[in-house]
Amino acid sequence: MQISTKQKTEQQWKWIEGNVCAPKGFMASGLHAGFKRKRKDLALIYSKQLCSTASVYTQNKVKGAPIIVTQEHSANGYAQAIICNSGNANTCNTNGIEIANQVCDLLGESLDISSQNIIVASTGVIGQPLDIEPFKYGIPELVDQLNFAGDQAAAEAILTTDTDIKESAVAFELEDTLVTIGGMSKGSGMIHPNMATMLGFVTTDVAIEPEMLSIALKSVVKDTFNMISVDGDTSTNDMVSVLANGEAGNAIIDSEFHPSYAVFKAALHQVCKELAIAIAEDGEGASTLITCNVFEANTEQDAKFMAKEVISSSLVKTAVHGRDANVGRLLCAIGYSEADFDQQIIDIYLRAQNYQSICVCEAGSILSFDEDKAFEILGTDQLSIDIYLYQGQEKATAWGCDLTYDYVKINSAYRT
């Protein structure tokens, strides 16, 4: 296991390479099966050991067939493989559930495991018929190509309009046992999770009961994937799924009061946070990652409401793209959030990645600020909007991106 020096936190985890293949016992593969013209479009993640599993699903009332099948398969808290195709969402098709079940049957036969232990996912165009033939061709080869270094191929195969793969992995200790969590995600458009508007697949060699894994994942998602937005559209298909095979050999986490639970949850949060930020940064046509930090709120929920509304505002997004420090748009988004705050004491700062900052609103009033400096700050590829409410001790962060002409171009011709 190669450990990098990218970052070391006070929890003593270390960033490593390998995403879903970083934990012990996990293999992956990815190839071109024919759902798309050129790029890889079929991915597989597999553990020889049966895994505890947990998933969080889209709250869109229109759900893709794979979501329905996966919910059924993972209801008992166990799974062994994840298969995902890109290019076709398998949503709103008359035979969608039949196709999703056939995919699991084909994979189960190739892996010699129960089809009920397979999580299935699809992403891409909605309402386009999905042919089983590419799966019949691709699955045997996909299984043959499984290896402990297949993480890059798998991460590439789940992409749609993404410009690059999104991955993360950390190694850390649980009571003197070295354990690992790794993950990959996709998402660029239709990003406004409630959970979720993207796909996230996470693996870990930690031994943990399914119920505890589910509790940890749901809690982590609220502060990571559910705090990003690209365009305000909640998708029909997407989810985050975790497989935990226990091969690290730690004492099994069977309670929220277990001494290892909090450490595991914190590491899971770090992986999911990095994957979520990568999605926001790679928003369709985006040129700037926008981070909104709300400080000193009365409640955490107030801070979350406000931060999410700011990064979701189309007017804020377009102002950032135009490098127009239109503070009125920020205050408008703050004002229509469900947060409770006192307008008369709110301060707002714009801050660049190099920590150069400017105060644009003080005590609820827009200041006469240096427009040239604001223009320079807004022109960076990472912008922070820091909001101080001075009402309590709670805080929250949300991530989004600017809205550009390219977003319209990409989505006006998405099917073609």
Looking at region 80-109 only, could you name the residues that are touching a strand residue (DSSP E or B) at 6+ places or on another chain (Cβ under 8 Å), of a type in the set (Gly, Ala, Ser) and free of Cβ contacts under 8 Å to residues at least 60 places away in the same chain? Ala81, Ala100, Gly108
Of (1) more than 20 Å from Lys304 (Cβ to Cβ); (2) exposed (fewer than 14 other Cβ atoms within 10 Å of the Cβ), Glu338 satisfies all except one. Which? (1)
Given (1) at pLDDT below 95; (2) farther than 17 Å from Ser241 by Cα; (3) in the same structural domain as Leu213 (by TED's automatic domain parsing), identify the lone condition not met by Ile3. (3)
Part of a loop (DSSP other than H, G, I, E, B), crowded, with 19+ Cβ neighbours inside 10 Å and within 29 Å of the chain's Cα centre (by Cα): is that true of Ala319 in this structure? no
Within region 275-311, residues being in a helix (DSSP H, G or I), of a type in the set (Val, Ile, Thr) and surrounded by fewer than 24 Cβ atoms within 10 Å (Cβ to Cβ) number 1
Out of region 389-409, which residues are in a loop (DSSP other than H, G, I, E, B) and over 14 Å from Val320 (Cβ atoms)? Leu389, Tyr390, Gln391, Gly392, Gln393
Those residues of region 92-113 which are crowded, with 16+ Cβ neighbours inside 10 Å and not in a helix (DSSP H, G or I), in sequence order: Asn93, Ile113
Give me the pairs: first residue in region 50-79 and on the phi > 0 side of the Ramachandran plot, second residue assigned to a strand (DSSP E or B), beta-carbon distance under 7 Å, and six or more apart or on different chains, which are they? Gly77/Ser52; Gly77/Thr53
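The values are calculated or read from the model by the stated rules, or taken from the named source; none is laboratory data. Remember, predicted model here, so these are calculated numbers, not experimental data. FYI the Cβ positions are ideal-geometry reconstructions off the backbone, even for glycines, and counts take in every protein chain you see.
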